[in-house]
1. What are the pairs with Cβ atoms under 7 angstrom where one residue, in region 244-258, is under 15 Å from Ile49 (Cβ atoms) and the other, located anywhere, is at pLDDT 95 or above and among the acidic types (Asp, Glu)? Sequence gap at least six, or different chains.
2. Give me the pairs: first residue in region 410-422 and without any contact (Cβ under 8 Å) to a residue 40 or more places away in the chain, second residue surrounded by 13 or more Cβ atoms within 10 Å (Cβ to Cβ) and part of a loop (DSSP other than H, G, I, E, B), beta-carbon distance under 8 Å, and six or more apart or on different chains, which are they?
3. Scan region 79-97 for residues that are assigned to a loop (DSSP other than H, G, I, E, B) and either open to solvent by less than 30 Å² (accessible area, probe 1.4 Å) or acidic (Asp, Glu) (or both) and jot them down.
4. For a quick check of your reading: which helices (runs of 4 or more DSSP H) sit entirely within region 313-422 and have at least 1 residues that are among the small types (Gly, Ala, Ser), open to solvent by 30 Å² or more (accessible area, probe 1.4 Å) and more than 30 Å from Thr198 (Cβ to Cβ)?
5. Given the criteria within 18 Å of the chain's Cα centre (by Cα) and either assigned to a loop (DSSP other than H, G, I, E, B) or surrounded by 15 or more Cβ atoms within 10 Å (Cβ to Cβ) (or both), does Leu304 qualify?
6. Leu273 versus (1) surrounded by fewer than 21 Cβ atoms within 10 Å (Cβ to Cβ); (2) part of a loop (DSSP other than H, G, I, E, B); (3) not small (Gly, Ala, Ser): which is the lone unmet condition?
7. Name the residue that is surrounded by the most Cβ atoms within 10 Å (Cβ to Cβ), counting only residues in region 163-212 that are in contact with a strand residue (DSSP E or B) (Cβ under 7 Å, 6 or more places away or on another chain) and basic (Lys, Arg).
8. Does Ala254 fit the bill of being more than 14 Å from the chain's Cα centre (by Cα) and assigned to a helix (DSSP H, G or I)?
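The values are calculated or read from the model by the stated rules, or taken from the named source; none is laboratory data. Predicted model only: the values in this text are computed from it and were never measured. Neighbour counts run over all protein chains shown; Cβ positions are idealised from the backbone, glycine included. When the accessible area is computed, the model is the full protein with side chains, heavy atoms only, and any ligands, DNA or RNA have been set aside. Shrake-Rupley method; radii C 1.70, N 1.55, O 1.52, S 1.80 Å.
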Amino acid sequence: MIKKLLVLLLFYTSYTHAETIKTDVLVIGDSPSAVTAAIQSARSKLKTILIMPGAWLANGMPTGNTYVITSNHNIPTGMWGEFEEKVKGFYKNTTGYEAPANVTLKFEASTGADILRKIADTVKDLTIKLNTPFTIIKKNGTGWDVTITENGNTNIINAKVVIDGTEKGDAVIRAGAALPPLVSHTNNVELYRTSIATSDLLPDGFIPMRDVIIKEADNLLVTEKILPKNGNIQYLPLQMALGQGVGTVAAYIAFFKTTNKSLKVRIAQQELLDFKGYLMPFADIKRDDRYIRAVQQIGATGLLKGARKDSELLFMPSALVITEEIKPVLTEIYSRAFLWFNKEKPVEKFTEGNLLSLISEMTLSDPQTLQITVKNDWKGRYGFASDFDLNRPVTRLEFAVLVNRYLNPFARTVDLQGNIVN
């Protein structure tokens, strides 16, 4: 009898001392994608906790290795670009770490891990718990309760959203859900509109938002498990990009107190763009280009698609706009565009005059006033190199900048399949 009472007392004492910690987003895992997901979620001003079962990036970036990255050579997207700059700064005066023309980045694993930790330590709303494995994950309303072991104590983290950044999908498995398939080529030609991460290693160049959502478990997202990396360090840029993209999705869900079934693709993508993430892997538009956002947004609508050269996707800003390329998407987005094309019948190469006429028609603005405004802004505000000439074929960059400015097609709602919702 006394023994039973002692057991009950011990159980009661342990239970009453279990702390419940509330957070907006919980990230589980010791991978680079888990780290960047947590950083992005917190930078988006959502209370975020990152738990790792052991030491900092013990499995995700093990010490003793020297990494030579050749992927994403001209795609310094978001947090990967930030990491790349800091690594180059660290090795600036170190012999042997200069990156040759065909190498994106060279660094020691311990240095890379330290740099990521320093970045994470500067983020206000991020709490990091090392040596903190989780044992149980179960649904609690639209969110999750995750049981952790911390300093010998058992605590519970109540989170609105959980991101599984483990290599094997541990959280997904323990939640009783099916593991997602690996990222692969898709026959859905519109999915690029929902991109949240880019890489030259991917068959399509991007990862669509739907691929990171666990369908059977609301508000459970995944990073590592969808990547076919098999220990290949060349996936590091993509890991960081994917984590950042998933972090924006989680932040959207937590901020609006909703579920992944009510995701607004464009709002989450806007947040990613705010933090210099790429939606399209255009390798010929520099990270600091004044019009990179316009190009990214127009590219994500499908109005101007890139062209493949070797392993890179090029936007070709100086190339001319071909009418047949833009007509299908314009008529899909704007019902009145069909009438405009029938009336104006633009020739093969779309001209500046065609563009201003289209903008005037879609915005119901006075053609002459619009023409005067654009002419005055052509070189001053926009910095275009060519002269303003209504008869001249318009370049892809000029088209992207003006259409983004006046029509803003990126603002049109798209669903998780990339379909435009009118």
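1. Final answer for the pair search is Ala251/Glu271; Ala254/Asp24.
2. Once the first residue is without any contact (Cβ under 8 Å) to a residue 40 or more places away in the chain and sits in region 410-422, its partners that are surrounded by 13 or more Cβ atoms within 10 Å (Cβ to Cβ) and part of a loop (DSSP other than H, G, I, E, B) give Val421/Arg412; Val421/Asp415.
3. Going residue by residue through region 79-97, those that are assigned to a loop (DSSP other than H, G, I, E, B) are 91-97.
Within region 79-97, Tyr91 is the sole residue that qualifies.
4. Working: elements: 323-333, 335-344, 352-363, 367-377, 396-406.
Per the criteria, 335-344, 352-363.
5. Details: within 18 Å of the chain's Cα centre (by Cα): no; either assigned to a loop (DSSP other than H, G, I, E, B) or surrounded by 15 or more Cβ atoms within 10 Å (Cβ to Cβ) (or both): yes.
It is false that Leu304 is within 18 Å of the chain's Cα centre (by Cα) and either assigned to a loop (DSSP other than H, G, I, E, B) or surrounded by 15 or more Cβ atoms within 10 Å (Cβ to Cβ) (or both).
6. Among (1) surrounded by fewer than 21 Cβ atoms within 10 Å (Cβ to Cβ); (2) part of a loop (DSSP other than H, G, I, E, B); (3) not small (Gly, Ala, Ser), Leu273 violates only (2).
7. So the residue we want is Arg193.
8. Values: more than 14 Å from the chain's Cα centre (by Cα): yes; assigned to a helix (DSSP H, G or I): yes.
Yes.
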